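Worksheet for the structure shown next.
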Amino acid sequence: DAGVIQSPRHEVTEMGQEVTLRCKPISGHDYLFWYRQTMMRGLELLIYFNNNVPIDDSGMPEDRFSAKMPNASFSTLKIQPSEPRDSAVYFCASTFDSTGELFFGEGSRLTVL
Amino acid sequence: GNSVTQMEGPVTLSEEAFLTINCTYTATGYPSLFWYVQYPGEGLQLLLKATKADDKGSNKGFEATYRKETTSFHLEKGSVQVSDSAVYFCAPWMDSSYKLIFGSGTRLLVRP
């Protein structure tokens, strides 16, 4: 079975541009999580979905960030407008129950110049 | 609030040395406890877990025991290999909020 698939793997953009990160969870998983990893702040949970519905978005840093899950096999994380401090690796993870065993994608490394 | 504290890295060891990475947590109730590992350029993957007090999780020669009395979940391996070089994350799972709370991570470097 394919794991969690994220795209793009690398993105370099200029400040002010819109960035869209994509995630395809493992088939059958009904929980999807977006994390951000930086050297300064470590791994931060941004938002998670259950059955395509956002449950907790308290980690989303500000209104420039938005996430959607239009169906069970696709989610997006959008940053508009992007800023240099958004530079990080963004991970998507999915799971099929509430035990804490998450399956992570390989991440999307974002660099905002 | 809920939090987790890991020993700071990097930890540098020679091959076949004994490894301990300390982890303590603060949580309401009795969370399940996890260790995740991140190899260079990859996402995190589950290494081992324990779901209740005194449980021992183990995988690939790594072990950790759920110690409720000390709220700890220290990771150990008797003989590390170069291929174990990675970043290790301790993470309690909060059932009430469906969240994994990650520690800051401990980088392990094993030299031949």
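We did not get these values from a lab; they are worked out from the coordinates using the rules stated. Bear in mind the structure is a predicted one, so any value in this text is a computation, not a measurement. Here Cβ is always computed from backbone atoms with ideal geometry, including for glycine, and neighbour counts include all displayed protein chains.
Using Stokes-Einstein with the Kirkwood hydrodynamic radius over Cα pairs, what translational diffusion coefficient do you get for chain B at 25 °C and a viscosity of 0.890 mPa s, in µm²/s rounded to a whole number? After rounding, the answer is 176 µm²/s. Summarising the label geometry, the points placed 7 Å from Cα in the beta-carbon direction at residue B:67 and residue B:42 lie 2.9 nm from one another.
Computed 3J(HN,Hα) for region B:95-112, one whole-Hz value per residue from the Karplus formula 6.51 cos²θ - 1.76 cosθ + 1.60 where θ = phi - 60°, is 4, 5, 10, 6, 10, 8, 9, 7, x, 6, x, 10, 7, 10, 10, 10, 9, x, glycine and proline marked x. Derived scalar couplings between HN and Hα for region A:36-41 equal 10, 10, 9, 5, 6, 10 Hz in order, rounded to whole Hz, by the Karplus curve 6.51 cos²θ - 1.76 cosθ + 1.60 (θ = phi - 60°), x for Gly and Pro. Which of B:98, B:66, B:30 moves the most in a Gaussian network model of chain B with Cα springs under 10 Å? In the Gaussian network model the winner is B:98.
For residue B:55 and residue A:96, FRET efficiency with R0 = 22 Å and r from the beta-carbon atoms, rounded to 0.05?
Once the sixth-power term is evaluated, E becomes 0.55.
Among the residues of B:34-43, the average count of other protein chain beta-carbon atoms within 10 Å of the residue beta-carbon is 4. Counting only residues at least eight positions apart within a chain, or on another chain, the lysines with an alpha carbon under 20 Å from that of residue B:77 are B:49, B:56, B:60. When B:74, A:10 are arranged by Cβ crowding within 10 Å, least crowded first, meaning fewest neighbours, the order is A:10, B:74. Of A:40, A:69, A:15, the residue with the greatest mean-square motion in the GNM of chain A, using alpha carbon springs below 10 Å, is A:40. In this structure the amide hydrogen of residue A:5, modeled in the peptide plane, comes within under 5 Å of the amide hydrogens of A:24, none closer than 5 places in sequence on its chain. 3J(HN,Hα) couplings calculated from phi for region A:62-79 with the Karplus curve 6.51 cos²θ - 1.76 cosθ + 1.60 (θ = phi - 60°) are, in sequence order, 5, 5, 6, 9, 8, 9, 9, 9, x, 8, 5, 10, 7, 9, 10, 10, 10, 10 Hz; Gly and Pro show x. Counts of other chain beta carbons within 10 angstrom of each beta carbon in peptide A:91-102 average 4.
Please find the FRET efficiency linking residue A:73 to residue B:17, where r is the Cβ-Cβ separation and R0 is fixed at 41 Å, and quote it to the nearest 0.05. The calculated FRET efficiency here is 0.40. Taking amide H as placed 1.01 Å from N in the peptide plane, residue A:83 has its amide H under 5 Å from the amide H of A:16, each at least 5 places away in sequence or on another chain.
Relative protection proxy for B:82-89, B:13-20, from highest mean packing down: B:82-89, B:13-20 (other beta-carbon atoms within 10 angstrom).
What is the local net charge at residue B:27, summed over the other residues whose Cβ is closer than 12 Å to its Cβ (Lys, Arg +1; Asp, Glu -1)?
+1
If the elastic network links every pair of Cα atoms under 10 Å, which of A:22, A:41, A:85 fluctuates the most in the Gaussian network model of chain A? Between A:22, A:41, A:85, it is A:41 that shows the largest mean-square fluctuation. Here the average projected area of the convex hull drawn through the C-alpha atoms of the protein assembly as shown stands at 12.4 nm². Remark on residue A:47: its backbone amide H falls under 5 Å from those of A:34, a criterion applied only to residues 5 or more positions apart or on other chains, H modelled at 1.01 Å from N. Taking GluC sites (Glu not before Pro) across region A:55-113, the ones in a DSSP loop with at most 10 further Cβ atoms lying within 10 angstrom of their Cβ are A:62. Cross-link reach is defined here as a Cα-Cα straight distance under 29 Å, omitting same-chain residues fewer than 8 places apart; for residue A:78 the lysines meeting it are A:24, A:68, B:99.
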